[in-house]
Protein chains: 2
Amino acid sequence: MPTIKDVARRAGVSIKTVSRVVNKDPAVRDSTREHVERVVAELGYTPDPAARSMRSNRTGVLGLVTDMVTTTPYSVDIISGVQDACAEAGMMMLIVNTRGDRAHTEHAIRTLVERKVEGIVYATMYLRALDELPAMGDLPMVLVNCFMADGSVPSIVPDDYAGSYAATSHVIELGHRDIALLSVNPVIIAGERRGRGFRRALLDHGLTCTPDRVRAGQVFENGREVFVAAEATLRFLDAAQRPTAIVCGTDAIAMRAYNAVRERGLRIPDDISIVGYDNFVMIAEALDPPLTSVALPYYDMGRTAVSWLRRLGHGDGLAEPTLLMPCPLIRRASCRPL
Amino acid sequence: MPTIKDVARRAGVSIKTVSRVVNKDPAVRDSTREHVERVVAELGYTPDPAARSMRSNRTGVLGLVTDMVTTTPYSVDIISGVQDACAEAGMMMLIVNTRGDRAHTEHAIRTLVERKVEGIVYATMYLRALDELPAMGDLPMVLVNCFMADGSVPSIVPDDYAGSYAATSHVIELGHRDIALLSVNPVIIAGERRGRGFRRALLDHGLTCTPDRVRAGQVFENGREVFVAAEATLRFLDAAQRPTAIVCGTDAIAMRAYNAVRERGLRIPDDISIVGYDNFVMIAEALDPPLTSVALPYYDMGRTAVSWLRRLGHGDGLAEPTLLMPCPLIRRASCRPL
DNA sequence: CATCATTCTGATAACGTTGTCAGGCGTGTC
DNA sequence: GACACGCCTGACAACGTTATCAGAATGATG
């Protein structure tokens with residue numbers, strides 16, 4: 001590996017001049033710059049990041065802390081988004097998994113601070129509210145898919161309320177009047193927001209939301225999530241008057257609703273329309289008929305987080321302390337006009 | 001941030017002694033060591049990785065290069081495995097995504113080499129054979145889910161042949177004699193291996209494998225994968241004598257087979273047994289009935305890769321240049337005795 | 001041609017660590 | 001008491017870069 005000295009010697013200039021050229025300092029005569037650049041290319045010189053960072057305290061590295069994001073297929077796009085944005089900015093990404101527990105998280109952040117990352121993206125698997133964050137000096141930080149209750153840290157989350165509102169409105173506009181909700185566990189914040197979007201859409205369109213039209217599709221039972229979507233769907237179907245459409249809290253729930261609908265010998269979308277949430281293509285496209293679903297903009301959330309971090313790193317402020325990312329409705333074949 | 005000098009001054013020793021204590025050099029008197037350690041804890045000193053790596057050329061960082069692993073839910077466990085193993089070894093993981101193209105890959109590896117990672121894990125989304133690898137000096141490297149045709153680089157891949165053999169044998173042992181294969185595109189290496197395992201299991205159990213019992217569940221069509229599993233299944237079902245079991249190349253294919261079976265008004269597993277591959281729990285557990293499937297040991301592959309890398313980094317050799325990881329059969333409810 | 005401002009360049013000192021090597025200090029031996 | 005030996009410690013250089021600041025080269029002006 002050639003060093004800056006080798007380049008300087010070969011080019012017949014001082015190391016400082018080489019440093020200037022490499023760092024695009026304009027105070028170098030054009031002829032000198034070109035000459036040095038040629039030698040740099042010739043020798044294949046690249047500055048040593050360790051030495052550079054020791055002097056300048058800039059490492060060109062961002063940290064990504066996740067609770068379990070890598071262990072679930074859902075939100076893995078966050079990683080891709082962060083990764084791609086880093087690459088475009090000539091930066092790298094150091095990733096740490098915390099398994100959601102406090103000790104791991106503190107250790108992870110400490111390690112990243114020691115390694116002098118220039119900023120941290122903190123991403124969670126489920127949308128959740130954070131009570132407190134480990135100390136980390138004045139390092140810029142952006143939260144993805146989570147937020148501080150007091151709004152003290154910039155945060156990027158999907159607009160579950162609006163997404164659910166749009167999905168429900170879509171079904172209403174198709175002519176449906178009797179619509180059921182198969183909700184995510186409302187303990188989960190996303191579940192609560194999606195539920196709210198559903199209800200609001202109903203109200204805004206002059207429909208009423210009766211309690212018997214809302215059932216949980218999954219619940220927590222001794223620490224584990226269990227799906228009860230199939231049973232819940234059967235109860236919808238067996239009711240005196242059965243709904244003509246079901247809005248589902250997730251695609252996984254929707255998949256189970258499909259099973260139940262078929263068990264009763266009914267057809268989708270002829271007898272009943274179904275909408276999902278998450279746009280988990282692996283499921284949505286494999287279902288028969290393909291599932292209309294609301295997409296989570298995870299990739300863009302990751303990208304945006306990096307761009308925010310870079311802005312913060314330059315000392316610039318942010319227009320919005322927290323951003324609600326729109327969740328587009330992806331129309332497939334599981335809904336039809338009534 | 002306190003430096004080694006601060007510790008030395010406060011402890012009344014030289015910086016070298018502090019360095020020795022921090023690096024667990026045994027040539028320090030116990031009383032000195034304890035004293036220095038106390039001061040280190042007091043000041044909260046941690047060595048600067050940049051300075052350390054500049055001197056010693058060791059960074060404590062491993063690189064993970066993936067083609068699209070982060071963009072697919074399947075193999076994301078590789079990341080988790082690598083990550084956890086790194087954390088346990090006190091190392092960190094620098095991750096780069098190449099989108100599968102050559103230029104990105106070269107750039108990624110070059111960047112990692114410049115950053116002085118101590119080894120590289122190169123992981124791909126689909127099992128594939130690599131023709132050549134970008135130059136990277138003498139940096140240790142381990143391939144995951146891919147391999148060099150000439151075996152020149154240590155590699156860890158799932159044993160698709162044995163996995164498929166086991167799945168097929170399972171069905172045979174359940175009494176099935178007329179078994180069909182809904183294969184992954186055989187252009188994909190995993191498809192070829194799984195197909196081979198299927199056929200071998202049949203032969204080993206004294207059954208014959210007729211061409212009309214093998215159909216592709218997915219094909220490449222102008223650059224994109226398209227699923228034809230549903231149609232293929234219908235043709236199996238509509239044959240003069242219909243098979244009593246179907247071995248599927250992937251869970252995604254199996255899910256479409258479910259759809260087709262239901263379309264014909266048949267029941268799983270009563271009328272027909274089905275096995276999947278990938279053990280993609282999100283699908284396998286959501287199907288009705290839950291799908292028996294072969295698991296891919298991605299997490300362990302990631303872990304093993306790191307342990308190999310560390311061994312290589314210490315100059316130790318490897319027992320096996322390439323490792324076939326067993327794929328355990330996960331039994332659920334989609335198969336039953338005939 | 002002298003002067004001065006302007007533009008460009010280089011010597012040298014950091015940054016925080018580890019490696020080299022010399023040396024201090026006990027202890028045991030003759 | 002002199003000496004050798006082993007154990008422990010410290011002064012200083014080195015790693016490859018950037019920052020400081022002085023100074024050289026250039027060009028403009030009187």
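The values are calculated or read from the model by the stated rules, or taken from the named source; none is laboratory data. None of these values were measured; they are calculated from a predicted model. Here the Cβ is made from the backbone with ideal geometry for all residues, glycine too, and neighbour counts use every protein chain on show. Each accessible area value is taken on the protein alone, full model and side chains, heavy atoms only, with ligands, DNA and RNA left out. Shrake-Rupley method; radii C 1.70, N 1.55, O 1.52, S 1.80 Å.
Brief remarks on what is shown
- Filter result for A:T46 (within 9 Å of chain B (Cβ to nearest Cβ), within 15 Å of DNA strand D (Cβ to nearest atom) and among the hydroxyl-bearing types (S, T, Y)): yes
- The set of residues from the stretch B:303-335 being in contact with an Asp or Glu (Cβ under 7 Å, 6 or more places away or on another chain) and modelled with pLDDT of 95 or more comprises B:R303, B:L324, B:M325, B:P326, B:C327.
- For B:T66, the criteria (1) within 11 Å of chain A (Cβ to nearest Cβ); (2) within 16 Å of DNA strand C (Cβ to nearest atom); (3) touching a residue at least 12 places away in the same chain (Cβ under 8 Å) hold in every case but one, which is (2).
- Near pairs, Cβ below 9 angstrom, 6+ apart or cross-chain, from the stretch A:276-290 (more than 9 Å from chain B (Cβ to nearest Cβ)) to any residue that is of a type in the set (D, E, K, R) and part of a loop (DSSP other than H, G, I, E, B): A:A284/A:R332; A:P289/A:R332; A:P290/A:R332
- Entry remark, the stretch A:266-283: residues being at pLDDT 95 or above and surrounded by fewer than 22 Cβ atoms within 10 Å (Cβ to Cβ) number 5 in total.
- Test: residue in the stretch B:52-72 that is surrounded by 18 or more Cβ atoms within 10 Å (Cβ to Cβ) and over 26 Å from A:G90 (Cα atoms): no
- The selection criterion, being more than 8 Å from chain A (Cβ to nearest Cβ), over 18 Å from A:I78 (Cα atoms) and open to solvent by 10 Å² or more (accessible area, probe 1.4 Å), holds for B:E106.
- Residue pairs meeting the criteria (Cβ under 9 Å; at least 6 apart or on separate chains; first assigned to a helix (DSSP H, G or I) and more than 8 Å from DNA strand D (Cβ to nearest atom), in the stretch B:15-43; second open to solvent by less than 80 Å² (accessible area, probe 1.4 Å) and among the polar types (S, T, N, Q)): B:V21/B:T32; B:V22/B:T46; B:V36/B:T17; B:V40/B:T46
- Complete set of residues in the stretch B:1-19 that are within 9 Å of DNA strand C (Cβ to nearest atom) and open to solvent by 80 Å² or more (accessible area, probe 1.4 Å): B:M1, B:K5, B:I15, B:K16
- Filter result (within 14 Å of another protein chain (Cβ to nearest Cβ) and open to solvent by less than 10 Å² (accessible area, probe 1.4 Å)) within the stretch B:219-248: B:A229, B:T233, B:C248
- When residues of the stretch A:249-265 are limited to those that are facing chain B (nearest Cβ under 9 Å) and open to solvent by 10 Å² or more (accessible area, probe 1.4 Å), the one nearest to A:G163 (Cα to Cα): A:R256
- Hits in the stretch A:21-47 (condition: within 11 Å of DNA strand C (Cβ to nearest atom), open to solvent by 40 Å² or more (accessible area, probe 1.4 Å) and within 39 Å of the chain's Cα centre (by Cα)): A:D25
- Matching residues, the stretch B:78-92, being of a type outside the set (S, T, N, Q), buried (at least 24 other Cβ atoms within 10 Å of the Cβ) and facing chain A (nearest Cβ under 8 Å): B:I79, B:M92
- Any hit, the stretch A:133-151, residues being touching a helix residue (DSSP H, G or I) at 6+ places or on another chain (Cβ under 9 Å), at pLDDT below 90 and charged (D, E, K, R): no
- Qualifying residue in the stretch B:174-188 (condition: charged (D, E, K, R), open to solvent by less than 10 Å² (accessible area, probe 1.4 Å) and modelled with pLDDT of 95 or more): no
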